[in-house]
1. Place the peptides 297-306, 210-219, 283-292 in order of packing, highest mean first, counting for every residue the other Cβ atoms within 10 Å and averaging per peptide.
2. Mind giving me the FRET efficiency for Trp251 and Ile465? R0 is 45 Å, r the Cβ-Cβ distance, nearest 0.05 is fine.
3. Could you order the peptides 320-331, 179-190 from most to least packed, using the average number of other C-beta atoms within 10 Å per residue?
4. Which of the peptides 450-459, 195-204, 309-318 is most tightly packed, and how do the rest follow, judged by the mean count of other Cβ atoms within 10 Å per residue?
Amino acid sequence: MKLKKILGVSSALCLSASLNAGAQAQETNQTVSEQLKQMQQQFEQREHELEIRFERKIAAQDEVIHSLQQRLAVMPTNSPPAATAVAPTRSDVPDLIKELSDKVAGVVEAQKKVLPGEFNPAIGFVGETVSSYHSQSREKTGSERPGGFDVWARSLELNASASVDPFAKAWIVVNASADSATGESAFGIEEAALQTTSLPGNLTLTAGRFFGEFGRLANIHDHELPFVNRPLALDNYIGGESRSDGAQLNWLVPAEHYISVTAGAGNQFGGDSPNPNSPGNKREFGGLNFWGRASTSFDLTPGWQLEAGASGLWNPKTQDRGGALVEPDGSTVTEKERRLAGLDVKLTYVPLRDNQFKSFTWGTEILFSDNNFLFDPNGIPATGDEFRGNVNALGLYSYASYKWSRRFSAGFLFDYVQNAQNHSDETQAYSPFVTFALSHWNQLRLQYTHTERSAISGLKSDNAIFLQWAWIIGAHSHGWSQR
Ligand SMILES: [Ca+2]
């Protein structure tokens, strides 16, 4: 049974992780206080810089005001004393007054605006190219990219973010991906959302187009993944990134321990292709997607941290997400209700000292899909042979990654997924990878992936090698943090 193999791999990863955890048990309290001290120092330094800048500005303005005052003080001595109460007799006085009032207006205007680019958002660009070799052709792997040698500008991403006002911030991410035939890259809006910053009760509302919170890696962009490709279970059950047009409310539970609870609703959940949500002629309330997540984290020792979460997604009345899928025997499967649950865990080791040079991550997510489908054995609608039924399917991914120097890290990813439409169709993949960070903004990754597919899928097993190169210019709000 394949499940046995999966559990073996997962528990081996877990065992080695917990052995390391015991060894690091002494460092914890010291680490937290050092981190806090560091944060406080950074904050104070920033505050100090701002103070200096502000003081310089004020000093410059004071100088201008002082010189204007001096000129004003000189003016009455040139005029007869009686003239001060009546209209000025000298012909150039009105001109001088106008000049002075213009200068004062200029100073007032300058005080209103501190920096010329103050209202510009922080802008950044990410370029990502994936070069690969696949041993099988596209029709045998089911991929959108060709087999053999390929170079793909997978992600060309422009992002901008700024404060809207004291109560909200906003960001936008537009992304293009090169077409395999034409090489053309058309920009599409991946995210454009507003997030409150000052709601009472530890609440944060996000609205617009954004990546909804589900599990650990569904809501991050491709180039931020800790390995080259999105886990198979996320691609199959969510449909790539967890994009939605809607709203999401987060509540940071006011307890000493970190507990975060999120709930959201939106018109879709998952990328637009290849999983478009058909809106139908008149969408019911149940035609929307509803999702939620609760997560928490624990400090096992000063260096070791455990994060755990549970997520759920429900689309009570799916029209036909992804359209009617035609099986090899001519029958069709149409999704009518979508139900997905997930459990995730991440164990990280980040030492208090030398944390730029050394770290360890073990992450696992298990997904349970239980969708309701309309099955049509003869593939011809409304002939009376159609019936409804549920399909249970299980998917998971588990990876461990170790960083041993500022630039190098390496890891292993295991993937397993049962097709959401047919759980007898199983796929497994094994991917060792090495990451070389030239700098924080420039990163190379080499990965080998062996994929095993069931005969029932009509696809073949294959071997592939990937070289991923990603770089960032300008601001980047969602950087390469430890995932
Ligand atoms: Ca039929």
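Bear in mind these aren't lab numbers, they're just calculated from the coordinates by the rules spelled out. Computed from a predicted structure; not experimentally measured. Cβ placement follows ideal geometry from the backbone for every residue including glycine, while neighbour counts extend to all protein chains displayed.
1. The densest-packed peptide leads the list: 210-219, 297-306, 283-292.
2. 0.50
3. Listed from highest to lowest mean packing, they are 320-331, 179-190.
4. In decreasing order of mean packing, 450-459, 195-204, 309-318 become 309-318, 450-459, 195-204.
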